[in-house]
1. Please list, ordered by chain and number, the residues whose modelled amide H lies under 5 Å from the amide H of Y328; skip anything fewer than 5 residues away on the same chain.
2. Specify the inter-centroid distance of the stretch 69-121 and the stretch 150-184, based on alpha-carbon positions, in whole Å.
3. For the stretch 127-138, take each phi angle, set θ = phi - 60°, evaluate the Karplus expression 6.51 cos²θ - 1.76 cosθ + 1.60, and give the result in whole Hz per residue in order, putting x for glycine and proline.
4. Mind pulling the angle between the C-alpha long axis of helix 77-91 and the longest principal axis of the chain? Nearest 10 degrees, somewhere in 0 to 90.
5. For the stretch 162-179, in order, what is each residue's ³J(HN,Hα) by Karplus, 6.51 cos²θ - 1.76 cosθ + 1.60 with θ = phi - 60°, in whole Hz (x at glycine and Pro)?
6. Considering only C-alpha atoms, what is the centroid distance from the stretch 200-264 to the stretch 337-394, in Å?
7. How far is helix 379-392 tilted, in degrees, relative to the longest principal axis of the Cα atoms in the chain, given as a value from 0 to 90 rounded to the nearest 10?
8. Find the relative contact order for the chain and round it to a whole percent, using C-alpha pairs within less than 8 Å whose residues are 6+ positions apart.
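Every number here is computed from the coordinates shown, using simple stated rules; none is lab data. Treat the numbers as computed from the prediction; the structure is a model and nothing was measured. Here Cβ is always computed from backbone atoms with ideal geometry, including for glycine, and neighbour counts include all displayed protein chains.
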Amino acid sequence: MAISKKMIAFAAQSSWIRKMFEEGVRLRAEHGAENVFDFSLGNPDLPPPVQFDAALQEAIAEAESGAHSYMPNSGYPAVRTAVARQISREQGMTLSLDEVLMTVGAAGGLNVVLKALLDPGDEVIILAPFFVEYNFYVDNHGGISKIVNTKKADFSLDLDAIAAAIGPQTKALIVNSPNNPSGQIYAAAELAELGEILNKAPQTIYLIADEPYRKIVYDHHLVPSVFKAYRHSLVVSSYSKDLSLPGERIGYIAVQPEITGKAQLINVMTMANRILGFVNAPAMIQRVVGKMQGVTVDTAIYARRRDLFCQVLRAASYQFVSPKGAFYIFPQSPLADDTRFIGLLAQQRILGVPGCGFGMTGYFRLAFCVEDDLITRSAVGFKAAMLAAESAGT
Ligand SMILES: Cc1ncc(COP(=O)(O)O)c(C=O)c1O
């Protein structure tokens, strides 16, 4: 076959997403859309905040000649200045526009960072459970993923395991907090200790903080600053989740202001943005998000759904850690084989994603970017699936 064998294998590995999508189509056709409980997708269902329409109108009204032209590969200076101001508030450290680069979502940003950092054979530590695309992004740039589990009790950092995984080839570590799929937020003390561990390595190890869920937090939790915890850190984020704009593909990279070799790093990332084929982040939506700094979707809606989902799962005797942020729950699978349990859920017309899709078997992920009513009505199915699992044994 002429096409890449590696890509064929990758497509087979990530077939869970396609499988659940196809299962959803089949179940909806058979039972009607209202009778399918699809919790498989992390696609925000809330509309963008009300400020979005006004910001868009304003951006259109202000558009001058050249508004749709090529621009500096790092993005509009005015937008980067506005983003730098907001990140300075979030990270408790002053950033300027020179420390910010606009990207094609967080996905684009992660690829730019990895392209800029990795030489062939460099290792990137990834913490399980993880956003499934990390492995592919690392491979895109010749790197090798080294998987380290978080602690099973609460998905907090296993610092000893991280320290043990560091070797001469380690170039970077990716943390994602609030986490997809666990909903965990790493505490300031954990990050500080992680910073100390990374500092002990003879080579520079970069800490890449993937933070698209930073503003989706519950019970007044705050996401601590990675910039304060560690000098060689970069934040990658987007407006996909907190402004409900995933299809617009807009995000950014910010670098810790005191990172060594900063000018060269920014220069190389700007080049990576160009040669990966992004060229620059989309013009119009850059100008729109530049006007929406500090604005977030109504997270009280997600908080209400999280509470509802926790009630439904508790009533059916599932074991889980209540998420502190993001919009996912990652309960334990009542069967050791999580894909088999996903099959039992599908018999109840409930769609979730098995933990093996996130590098951690024995769990499953439920996304709550769906109407409250869907969560409430799924209670009967969750109980029935638990009973079926109990009679199937482990
Ligand atoms: C943890 C994590 N990182 C990155 C992304 C990619 O986000 P974006 O749409 O901004 O590219 C996602 C999307 O679901 C995610 O969950």
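1. F368
2. Taking the Cα centre of the stretch 150-184 as reference, the centre of the stretch 69-121 is 24 Å away.
3. Karplus-based 3J(HN,Hα) across the stretch 127-138 equals 9, 8, x, 10, 5, 4, 6, 3, 4, 5, 4, 4 Hz.
4. It works out to around 60 degrees.
5. After applying 6.51 cos²θ - 1.76 cosθ + 1.60, I find 5, 4, 5, 7, 6, x, x, 8, 5, 10, 7, 9, 9, 10, 10, 9, x, 8 Hz.
6. With the stretch 200-264 and the stretch 337-394 each reduced to a Cα centre, they are spaced 32 Å.
7. Taking Cα atoms only, the helix is inclined about 70 degrees.
8. Values: 739 pairs, mean separation 91.2, N = 394.
It comes to 23 percent, rounded to a whole number.
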